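Read through the structure below, which is laid out as structure tokens, and then see the notes.
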């Protein structure tokens, strides 16, 4: 990592090739392309060659040993839609390969300012001839249907015949690993041919998913130049049995000659478009008219604006600075922006978790966009609103007579979790989505969104709590649910779940009072959704008497009613090879111990600190710290934030380091399957909400920055309502500046201030 916006990788071997495919993937929120080698890998190498569309899926059977009522029997799964990456180049019959001949001066670069990946190398053939390669890839933010490969090679001392063959493969399979529950355990053929159109300039291949009957079209065109002169003497052959097009050419080159192949791919799908073939062809024609230079320029313009709004600089640790920027860039690459999609657990970088959307989006990634690009945050919530009808259906399937229950994992709103104890039973997904709606509103002040979408989501999630819970002995109980910790399943009164339900109910009631002031719109809302005063009173009572488990002897909040009854797992004497525990122990065995996969109760303290005293939160933090494995990538960032809030600066920084470089260092040994997108959002929050002490609530905006002793300083920029605020922290002071927008009121270390446009305020650094 040589500078903030560049990630460099130099070593390539059989062991790390899939890891580099993830790190150097290209995506733009709509399409994602794994960073595979154009020429491919030797036979026997493990590689995940994939191109994906956010929200595009097929159905696959869900194996259930017992045919119990309303268990999930099929699921949506993200589809590897095509392979347009493959380019073979031969020199006098010797095909270029990174694993044949001699490779020198090799580097691989992710340039996050230009929005491209690059692969540069010098290759000497086994016969001793030398050729230089430079290969650049881009998924366009200007035209999100566009993926390009800019493939250049220059002869140093080779003289002879060159043959190029560029492929467009319309039928491909998904990757599978039957031994890993985070991946699909089967690899059926999800695509069948659905038509082709070839002309002089382009080829368009359509494929249809076998079960969901969705259509995807890839349209491909080439521009080939030899020493700057366009080469048009190519041959285009369609192989119907393979649904494949090959564009080939043969020519002589001499030392010093340079060949450039620009390959354009446009992707179109029937989720978003009625006539995919026609649309893809028209878009590709437009792309060819503008040329690749235009899209390079627009890519840079887009990212210049992005980095300006998402500014986060750390002074004193260049590697960490680059790692944080990498994480923020991956979030941008992953985020659906069209209302048809969201952010999958692995973004668009790989097939881990089958492209499903989880609670990760709302709890770890949406907060980042709320502060840096509110329109993306709004789009993510809009997606949840579009699937609200299916959430109502899902609630009914589980026996609920009112409310909506969002699925634990999904693409279109159907529940896709086969193992309900650690899937469907995680009712806290409702509280998570409600929290995100409220956070977005508190951050942006977007009351129009709340009236049109947000309040309805809050209402239906709140209703669900009334149906799943019950009053008993003066308390409101929520039984038989699973919290974030998946090593403890189907319990009564999970603290996190109950706290999120309480917050959901309270905030809906608060916002209801605001809504009532707009009498006509409130009456329309109340009548349309049959809201009664009796129902609102029931919500108020449930929130007031919500059972939040507390143990007086230990002075902590137990994770659930029975948690402290169990023996403590001996983590100190568990072999390193036995982690993650879920891969080596039967679930029931794990459920019978005090052992946590990830932050659970500790996460609730970050989100809902008003429900407990600082003393109880500190006692609980120290207790859970000893029994948490952090087998989930969502965990260490939360522990970092809460340690910051509790004044444990050393712990905060140690946990932050584990989070920041998780993917670049492959610390969980599964980055090959795709990035850990939620952890990337959590890493950002560890700086902004942890070290900087930023909190946005119904009470307003507050910050209380501290400076890790390992840093010289840091600065960041965020949006609040319609304003942009910059915070600079050094070893002596903090400075808060209103960069643009309307005046902003806030608390700095508990002191109320009001910033005017262009004004800055400095305070002595504390902590």
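Between residue 64 and residue 159, the modelled label-to-label distance comes to 7.2 nm, taking each label 7 Å out from Cα in the direction of the beta carbon.
Calculate the tail of P(r) for the range 652-767: the fraction of all Cα-Cα distances greater than 16 Å, expressed in %.
On the way: 4204 of 6670 pairs.
Percent of Cα pairs beyond 16 Å in the range 652-767: 63.
Pairs of Cα atoms nearer than 8 Å and 6+ residues apart set the relative contact order; for the range 6-276 it is 18 percent. Take every pair of alpha-carbon atoms less than 8 Å apart whose residues are at least six positions apart; their mean separation over the length of the range 426-519 yields a relative contact order of 34 percent.
The residue 257 and residue 524 beta-carbon pair, evaluated with R₀ = 56 Å, returns a calculated FRET efficiency of approximately 0.20. Taking the C-alpha atoms only, the angle from helix 388-397 to the longest principal axis of the chain is near 70 degrees.
Mind sorting out which of (1) 33.5, 104; (2) 26.3, 81; (3) 27.0, 88 is the real Rg and Dmax of the Cα atoms in Å computed from the coordinates? Here Rg and Dmax of the Cα atoms in Å agrees with entry (3).
Here the contact order of the chain, divided by its residue count and restricted to Cα pairs under 8 Å and six or more residues apart, works out to 12 percent.
So how much slack lies between residue 225 and residue 10, counting 0.36 nm per residue of separation and subtracting their Cα-Cα distance, in nm?
Values: separation 215, 0.36 × 215 = 77.40 nm, distance 2.84 nm.
Full extension from residue 225 to residue 10 adds 74.6 nm.
In a fully extended conformation the segment linking residue 294 and residue 239 would gain 16.5 nm over its present Cα-Cα distance, using 0.36 nm per residue. Using only Cα atoms, find the angle between the long axis of helix 428-444 and the longest principal axis of the chain, and express it within 0 to 90 degrees, rounded to the nearest 10. Tilt of helix 428-444: around 80 degrees.
With the simple spin-label model, which puts each label point 7 Å out from Cα in the Cβ direction, the residue 553 to residue 610 separation comes to 3.3 nm.
Starting from the Cα-Cα distance between residue 584 and residue 763, subtract it from 0.36 nm times their residue separation and give me the gain in nm to one decimal. Intermediate values should be presented prior to the final figure.
On the way: separation 179, 0.36 × 179 = 64.44 nm, distance 5.16 nm.
Separation in residues times 0.36 nm, less the Cα-Cα distance, equals 59.3 nm.
Every number in this text was worked out from the coordinates using simple rules, so none of it is lab data. Treat the numbers as computed from the prediction; the structure is a model and nothing was measured. All Cβ positions, glycine included, derive from the backbone under ideal geometry; neighbour counts span all protein chains shown.
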